[in-house]
Every structure is written in structure tokens, then in C-alpha cells.
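A quick write-up on the structure given underneath.
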Amino acid sequence: MTATVHTEPRSMERAAAVVRVGRQVEVGWVAGAAYVVGIGVLAALSPAGLAVLIGLTILVLIHEGGHLAVARRCGIAVEEYFAGFGPVVLAWRTREGLRVGLKVIPAGGYVKVVGMSRREVVVAELESSTYRAASRRARLAVVAAGPIFNVAFGFLLLVVASVVEGGRSAPEAIAEAWQWTSTVAVTTVQGLGAVLGDLGGYGSAIVDPSTAGEVPSRFLSPIGVAQISTDLAAHGPGPLIRLMAIASIGLGVMNSLPLPPLDGGHAAIVGVEAAVAKVLRRPALRIDVTNRVVAAVTALTFVLVIALGASALLFDIASPVTL
């Protein structure tokens with residue numbers, strides 16, 4: 001599971017039956033009906049699954065909200081902020097012109113920052129407010145905000161969990177939350193390293209999912225998180241809060257990896273751009289994120305993310321995680 005600053009395709013949206021109510025509100029009746037039915041079926045079949053879906057959506061919106069807040073603080077224009085993808089269920093415009101809303105496919109969310117690439121067509125009056133026109137410091141702040149917000153939110157959840165579980169003073173809760181945050185961050189990186197370090201063993205487990213328990217490390221899909229949530233619910237709210245905190249921190253750490261289109265990849269591009277600009281003495285140099293090298297790395301990253309997600313789903317179905 002990932003969250004990045006990107007442009008949401010509009011082709012699906014054009015196919016949706018969207019009705020404008022007044023000047024600011026859009027309602028997609030067909031998409032809305034499909035959304036209600038889908039959520040209702042999920043709630044009937046798996047209440048834990050619905051809870052996990054809501055929790056993960058919140059984490060992604062916090063991540064994207066970080067990008068949104070910092071971009072606007074830095075004077076960079078933002079066009080859209082949505083939960084989900086695909087056709088519009090409900091959307092409206094704020095006084096500042098930001099289009100906010102809900103889309104029919106409940107798979108996270110996104111924020112559309114204007115001018116992420118050189119090829120994006122932008123009206124002339126907005127060019128000075130685009131991401132590509134911003135200073136390197138501003139661009140770095142925007143891409144770093146998402147992971148930072150996730151880690152910070154996870155830390156706060158861990159503090160809350162310590163308080164809920166009782167028996168700890170505020171300083172003790174903060175110290176414990178910091179230790180948990182550090183451990184989760186390090187373990188996430190180590191887990192990914194273990195998978196990449198033994199691709200043969202991981203591949204064998206994909207061929208025979210019943211051996212998933214023998215892989216050096218495995219990531220959880222939403223199904224796995226739902227399985228654990230069901231078990232943890234019997235122990236009160238504290239463990240469930242900790243689980244959400246772990247997911248938030250893990251999301252932030254994974255997005256910090258220096259691989260485009262992840263946020264860490266965007267940050268790496270800014271860093272490389274700064275170094276090259278200094279060597280060539282070209283302060284205005286900009287690296288186009290759509291060039292062939294970046295595009296190739298982006299494609300490879302997508303393959304890796306999809307492979308990890310699909311294998312996690314396979315493992316959680318064939319070899320459920322138990323506590």
C-alpha cells in the first residue's frame with residue numbers, strides 16, 4: 001500500500017453521471033448507489049474488513065493532507081483532494097477553489113498538486129504557483145510532509161494507546177511511544193530488506209502459499225490486518241490503536257524510500273537536481289520527472305509494490321496470520 005503526490009486520471013470521471021447541484025456541489029448518483037451497495041455488502045460480510053478499510057483511508061488522507069497543507073503553505077497550487085478513485089460520488093469546491101470529495105473506489109485517496117511535471121499543461125496565471133516553479137526547499141518540504149504526517153500521527157496514536165491502557169504518566173507514555181515508533185520504522189526497513197535479500201525463498205512461498213510462515217519476512221494485506229483486528233478486539237481498544245499506529249508509521253516509512261514515484265523518490269530527485277545544478281552552475285536547473293530514467297525506475301517501483309501487495313494478499317488468504 002502506497003500514497004504519493006500525483007495526478008488523478010480524469011478519463012473515468014468523464015464517464016460518470018455527475019449532476020451539479022448549485023455552483024459548488026457535484027453528485028454522482030450512479031457512482032453513489034454503487035458505493036453505498038458496496039459498503040453495505042462489505043459491512044454485512046466483514047465488519048472488521050470495513051473497519052480496516054476506513055482506518056486505511058484515514059491514514060492515506062492524513063498522508064495526502066500533509067502534502068496539501070504544506071503545498072498551500074509554500075504557495076503551491078493544489079487542485080483536488082479526494083478519498084478514493086474513479087467516478088465522483090460527491091464533490092464540492094471550497095472558497096479557495098480546492099475540489100474536495102469522495103470517489104467510488106475506496107482505495108485510499110490522493111491530492112493533485114499543480115505542475116508536478118514539465119509536461120503538465122497549466123494556465124499561464126498559475127505557472128508561478130506550480131510545484132515545478134517552486135524552490136527546491138519548498139518542493140522538498142511538500143514531498144516530505146506526507147511521510148512525516150503519517151509517522152507523527154502514528155506516534156500520537158501510540159501515546160493515546162499508552163494512556164488508554166493506563167498505569168503510565170505522560171512522560172512515560174511519550175517515551176514508550178517514541179521507542180515503539182523507532183522500532184516500527186527500523187523493523188519495516190529490515191522486513192523489506194529481508195524480502196529483497198531472499199527473493200528465491202519468497203518466490204517459492206508464492207508458488208506454494210502454504211509455506212508463507214517460513215518466509216524471512218511478510219507484509220500484511222488489508223485482509224491480514226482485518227484478521228489481526230478481529231483477534232485484538234477482544235483485548236480492548238489499546239491494541240487496536242497500536243495496530244493503526246503501526247500501519248501509519250509503516251506507510252510513512254515505505255513512502256520515504258528513495259524510489260519514484262514514492263515521496264522519497266521525489267525527494268531524491270530534488271537532491272540530485274541540487275547537486276547537478278551546483279556542479280553545472282545552473283541554479284534554475286530542473287529535472288523532469290517524466291524523463292526516461294525516472295520513468296523506468298517508476299515502472300520498476302510499481303511492479304515491486306504490486307508484487308508485494310499481491311503476495312501479501314495471497315499469503316493472508318492461504319496462511320492467515322494468528323496471534
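Just so it is clear, none of the values below were taken in a lab; they were calculated from the coordinates. The model shown is predicted, which means the values in this text are computed figures rather than measured ones. Cβ placement follows ideal geometry from the backbone for every residue including glycine, while neighbour counts extend to all protein chains displayed.
Descriptive notes on the structure:
- If you take all other residues with their beta carbon under 10 Å from the beta carbon of Leu90, and give Lys and Arg +1 and Asp and Glu -1, the sum is 0.
- Phi angles of region 209-224 translate, via the Karplus equation with coefficients 6.51, -1.76, 1.60 and θ = phi - 60°, into HN-Hα couplings of x, 5, 9, 4, x, 9, 5, x, 7, 9, 9, 8, 8, x, 5, x Hz per residue; Gly and Pro are given as x.
- Over the chain: Rg over Rh, Cα atoms, Kirkwood Rh: 0.98
- Here region 66-106 is scanned for amide nitrogen atoms under 15 Å from the site 7 Å beyond the Cα of Gln24 along Cα-to-Cβ, giving 91-101.
- Karplus-derived 3J(HN,Hα), 6.51/-1.76/1.60, for each residue of region 250-267, Hz, glycine and proline x: x, 4, x, 5, 4, 6, 8, 4, x, 10, x, x, 5, 4, x, x, 4, 5
- Cα-projected label distance for Thr322 with Gln190, points at 7 Å along beta-carbon direction, nm: 2.5 nm
- Working note: 222 nm ellipticity from helices only, DSSP H runs with n ≥ 4, each -39,500 (n - 2.57), summed and divided by the residues of the chain, gives -20000 deg cm²/dmol to the nearest 500.
- Nearest-20 debye value, region 71-115 charge dipole, Cβ charges on Lys, Arg, Asp, Glu: 100 debye
- Computed FRET value (nearest 0.05) for Arg118 with Ser204, which takes r as the C-beta separation and R₀ as 51 Å: 0.70
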